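One structure is given here, and the rest of the page talks about it.
The values are calculated or read from the model by the stated rules, or taken from the named source; none is laboratory data. The model shown is predicted, which means the values in this text are computed figures rather than measured ones. Backbone-built Cβ (ideal geometry, glycine too); neighbour counts: all protein chains shown.
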Amino acid sequence: MTKRITIDPITRIEGHLRIDVEVDNGKVSDAWASCTMWRGLEKILEGRDAREAWLFAQRICGVCTTVHAMASVRAVEDALKLEIPANAQFIRNIILINHALHDNMVHFYQLSALDWVDVMQIPKADAARATSIGEGLSSWTGNSREHMQATKDKAIRIAQSGQLGILANGYWGHPAMHLRPEVNLLLFTHYLQALEFQRKSHQIVAILGGKVPHIQNLTVGGVANAINLDSEAVLGMQRLEQIRLLMAEVTNFVHNVYFPDACALAGFYPEWFHIGGGSDRFIAVPDLPRDGKATHFDLPGGYIRSFASGGEGVLSIDGRFREAVTEDVTHAYYKGDKALHPWKGETIPDYTDWHADQKYTWVKAARFEGQPAEVGPLAQVLIGYKQGHALTRKWTDLALDRASSIAGHRIGVDQLRSTMGRQLTRAIRAAMLAELADQHLQLLIDNIAKGDYTTHNAPSFPSGEIEGVGTHEAPRGALSHWVVIDKGIIKNYQAVVPSTWNASPRDKAGVRGPYESALLGTQIADAEKPLETLRTIHSFDPCMACACHTFDPAGKKLGSVEDL
Amino acid sequence: MSRILIGGIGNVLFADDGIGPFVARTLDARYRFPSDVEVADLGTPGLDLIDYFEGRERILLIDAVKSAEKPGSILLYHQAEIAQCCVGPRTGPHAPSLTETLLTVEMLGLSPQELVLVGVVGQSYETDCDLTGAVREAVDDAIDAVLSELDRWGVSYQAKPSGVEPGIWWTKPLGNFTAQVVQ
């Protein structure tokens, strides 16, 4: 029997992703990903001063603000061929790293852990045993018997009160949840502890960026931070030392809690290394430049054209990215009948309601060389690993060893192309970033110590039309902003965000996007509680980058199952 | 960390959703508050709003609300009412709403003594950098609502000398370019 399950948050506050799956005898036979709200960022930017684009770009979304600001200034700088001072590069990198660490931790604990961790099993847990499991994973001081007992007491209070609050909508007792009570207790304890360290990484962003969310220190040509080593009012030794101390705490949490937790979760759910693969092509853009010119990067970029064939390896992305990206609107609510390069891109809305065979989403279908590609930590780690990038190999090998030893069998790098692989590679990337954070702070301090206090190169705009692209390997993957400028005024602007790649609909040829293909073949135990679908979609860390957000006091339920 | 937070929430690119930031910035331009009061344009923080709860005794948020009341109406909500709103399954990480944020804060034991939401009923949430007429006219009402809550809390404030421009940068007209263009 075929059923169609619609998970539709259209009535939700800030919910914009809708997933439809057709389930045939308990297995997903087809899938559609749609975004239910129009972003319209491009229209807002046309006609504005190119130097201000980043201020608007970072307002499009509440969680990914920083990344849009960064891609936007980089796009304008690319168009102007404007180099930025080394200090500005390092300050931007420290902000990007800490933004990403915050985002990755929020994803693992607050946004996806409860797909795997059954909080209602915690009352049955033995606190002492949870502590000894925790001690086996790392030297983290927050794994004490007292910590475990406190979390257990909290869970018992919540369960007994009947006021589940934030936990009211979990799929508790679902057959796909099978951690033992002590592991649930350990991970939920870290869920609560993580919030403190997320706040610390934001404090670092705020020290450099002025405020969070929505940093204030960017400018086309560099950053607006004044450097004076002896002053407490601007960026000097006192603030740099404050950043170093905060970073040490964040790094400790990432390396001794988040990373081991992700490895343990992977080891306890090894079957999810065989579910949710989907994509055959992967893209990452290089990031964390080590010089003002941006010629050397700490995060490698590249393109895997065929993962399945294996032989081809990773292709270079330099230059090709500029040429090979197009967006197709055959199944998206826009006018137009051919795939367009972002500089030539059009954004003319044409809403038609949801039609599986016609238009069904506000997301354009991003294509590279005419084909869909997955972006995100999975893409980045696969590309770095296959290129032999030392830092990627170090953390990936460690993660796979840990997960394999818990699972009791070998999990190889190729199995990362899966739902659990996306979770694990996000933690691998976070571990890499935490290690790089201190290096980039040191690069900044060393450069200042040489007597270089420059943070900004003034832009000047030519009278003719110019084009630029700014890329950033964001927490959700390759982000690119494309701009056409005429006499300093924006003539065209397109943002190809990570979810434009991953939540892409079918294209003219009917080829599915990464979310859609990842869901195919997934077993669904209970159509009323499609937890398996959510696990795979959540593994991408979906973001519709269109946070029109109002408070709706009525609140509504969502989701439906229809027999076909 | 200041004892009291006054935070404007909303997306300034979606018409009336920008009322929160608009009111926060206008308040900041018109009044001087004691040092233990922070006034902030929080944009669209989602779960990141939790960062702002640590150590706060009282929180006042300004946000657009959906309601059958006519656009521009001011509605007050208290923490318990917001927390009672239904929370559905998360389908995207950007789903966490104000309700989920408050419930998380409650679970963490970070709830302030009091939280009030000054809601302004919006008319349009289409992509647009300006408020609609009805909501723009409600700005002063919203400010009065904020100030009367502060009065109730015993917070003092003084009017700033007139002529301080609120930094509402997003409503600037198009085609404005002040830099020199070189040949």
Looking at (1) over 21 Å from A:V469 (Cβ atoms); (2) of a type in the set (A, V, I, L, M); (3) more than 12 Å from every other protein chain (Cβ to nearest Cβ), which one does A:I95 not meet, given that it meets all the others?
(1)
Failed item, numbered, when A:T361 is tested on (1) modelled with pLDDT of 90 or more; (2) within 22 Å of the chain's Cα centre (by Cα):
(1)
Subset of segment B:103-136 [in a loop (DSSP other than H, G, I, E, B) and more than 10 Å from chain A (Cβ to nearest Cβ)]:
B:S111, B:P112, B:Q113, B:Q123, B:S124, B:D130, B:L131, B:T132
Is at least one residue of segment B:158-167 surrounded by 12 or more Cβ atoms within 10 Å (Cβ to Cβ) and under 28 Å from B:D48 (Cα atoms)?
yes
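Strands (runs of 3 or more DSSP E) wholly in segment A:449-497 with at least 3 residues that are farther than 18 Å from A:M70 by Cα and charged (D, E, K, R) - which ones?
none
Does B:E57 fit the bill of being more than 9 Å from chain A (Cβ to nearest Cβ), surrounded by fewer than 24 Cβ atoms within 10 Å (Cβ to Cβ) and under 13 Å from the mean Cα position of the chain (by Cα)?
So B:E57 fails the test.
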Here is a check on your reading of the model: is A:K81 free of Cβ contacts under 8 Å to residues at least 40 places away in the same chain and basic (K, R)?
yes
Just to be sure I understand, how many residues within segment A:140-170 are at positive phi and part of a helix (DSSP H, G or I)?
1
Out of (1) farther than 20 Å from A:R51 by Cα; (2) crowded, with 24+ Cβ neighbours inside 10 Å, the one A:K508 does not meet is (2)
Give just the number: which of (1) more than 30 Å from A:A509 (Cβ to Cβ); (2) in a helix (DSSP H, G or I) does A:T425 not satisfy?
(1)
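In this structure, is A:G277 in contact with a helix residue (DSSP H, G or I) (Cβ under 9 Å, 6 or more places away or on another chain), surrounded by fewer than 17 Cβ atoms within 10 Å (Cβ to Cβ) and closer than 21 Å to A:G477 by Cα? Talk me through it step by step, then tell me what you get.
Details: in contact with a helix residue (DSSP H, G or I) (Cβ under 9 Å, 6 or more places away or on another chain): yes; surrounded by fewer than 17 Cβ atoms within 10 Å (Cβ to Cβ): no; closer than 21 Å to A:G477 by Cα: yes.
Here the answer is no, as A:G277 does not meet what is asked.
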Return yes or no: is B:A68 part of a helix (DSSP H, G or I) and either within 10 Å of another protein chain (Cβ to nearest Cβ) or modelled with pLDDT under 85 (or both)?
no
Every residue in segment A:219-252 that is hydrophobic (A, V, I, L, M, F, W, C) and buried (at least 24 other Cβ atoms within 10 Å of the Cβ), please.
A:V220, A:V223, A:L235, A:V250
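State whether one or more residues within segment A:153-167 are more than 14 Å from chain B (Cβ to nearest Cβ), at pLDDT below 95 and over 30 Å from A:E241 (Cα atoms).
Yes, the conditions are met somewhere in segment A:153-167.
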From the list A:A518, A:A527, A:A509, exactly one residue is among the hydrophobic types (A, V, I, L, M, F, W, C), at pLDDT below 95 and outside any strand (DSSP E or B). Which is it?
A:A527
Kindly indicate the residue of segment A:171-212 that is in a helix (DSSP H, G or I) and among the aromatic types (F, W, Y) and also farthest from B:I82 (Cα to Cα) among those meeting that condition.
A:F197
If I filter segment A:277-306 down to residues being among the hydrophobic types (A, V, I, L, M, F, W, C) and in contact with a Leu (Cβ under 7 Å, 6 or more places away or on another chain), which single residue comes out as nearest to A:A366 (Cα to Cα)?
A:F282
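Listed here are the residues, each with its yes/no results for (1) without any contact (Cβ under 8 Å) to a residue 40 or more places away in the chain; (2) closer than 22 Å to A:I97 by Cα; (3) surrounded by fewer than 16 Cβ atoms within 10 Å (Cβ to Cβ).
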{"residue": "A:I406", "(1), (2), (3)": "no, no, no"}
{"residue": "A:Q415", "(1), (2), (3)": "no, no, no"}
{"residue": "A:G421", "(1), (2), (3)": "no, yes, no"}
{"residue": "A:L436", "(1), (2), (3)": "no, yes, no"}
{"residue": "A:A449", "(1), (2), (3)": "yes, no, yes"}
{"residue": "A:D452", "(1), (2), (3)": "no, no, yes"}
{"residue": "A:H456", "(1), (2), (3)": "no, yes, no"}
{"residue": "A:P459", "(1), (2), (3)": "no, no, no"}
{"residue": "A:G468", "(1), (2), (3)": "no, no, no"}
Within the group A:A75, A:A57, which residue is buried (at least 21 other Cβ atoms within 10 Å of the Cβ), touching a residue at least 40 places away in the same chain (Cβ under 8 Å) and more than 11 Å from every other protein chain (Cβ to nearest Cβ)?
A:A75
Among (1) assigned to a strand (DSSP E or B); (2) more than 14 Å from chain A (Cβ to nearest Cβ); (3) not β-branched (V, I, T), which single condition is B:D140 missing?
(1)
Exactly one of these conditions fails for A:E232: (1) farther than 24 Å from B:D41 by Cβ; (2) modelled with pLDDT under 90; (3) touching a Lys or Arg at 6+ places or on another chain (Cβ under 9 Å); (4) within 12 Å of chain B (Cβ to nearest Cβ). Give me its number.
(4)
Could you identify the single residue in A:S201, A:S144, A:S161 that is crowded, with 16+ Cβ neighbours inside 10 Å and over 25 Å from A:L531 (Cα atoms)?
A:S201
When the residues of segment B:126-183 are narrowed to those that are acidic (D, E) and more than 15 Å from the chain's Cα centre (by Cα), which ends up nearest to A:R59 (Cα to Cα)?
B:D128
Among residues of segment A:484-506 being small (G, A, S), under 21 Å from A:S539 (Cβ atoms) and in contact with a Lys or Arg (Cβ under 8 Å, 6 or more places away or on another chain), the residue farthest from the other protein chains (Cβ to nearest Cβ) is A:S504
Among the residues of segment A:168-179, which ones are away from chain B (no Cβ under 12 Å) and either of a type in the set (D, E) or more than 12 Å from A:D115 (Cβ to Cβ) (or both)?
A:G173, A:P175, A:H178
Taking only segment B:1-18 into account, find how many residues are crowded, with 24+ Cβ neighbours inside 10 Å and not in a strand (DSSP E or B).
7
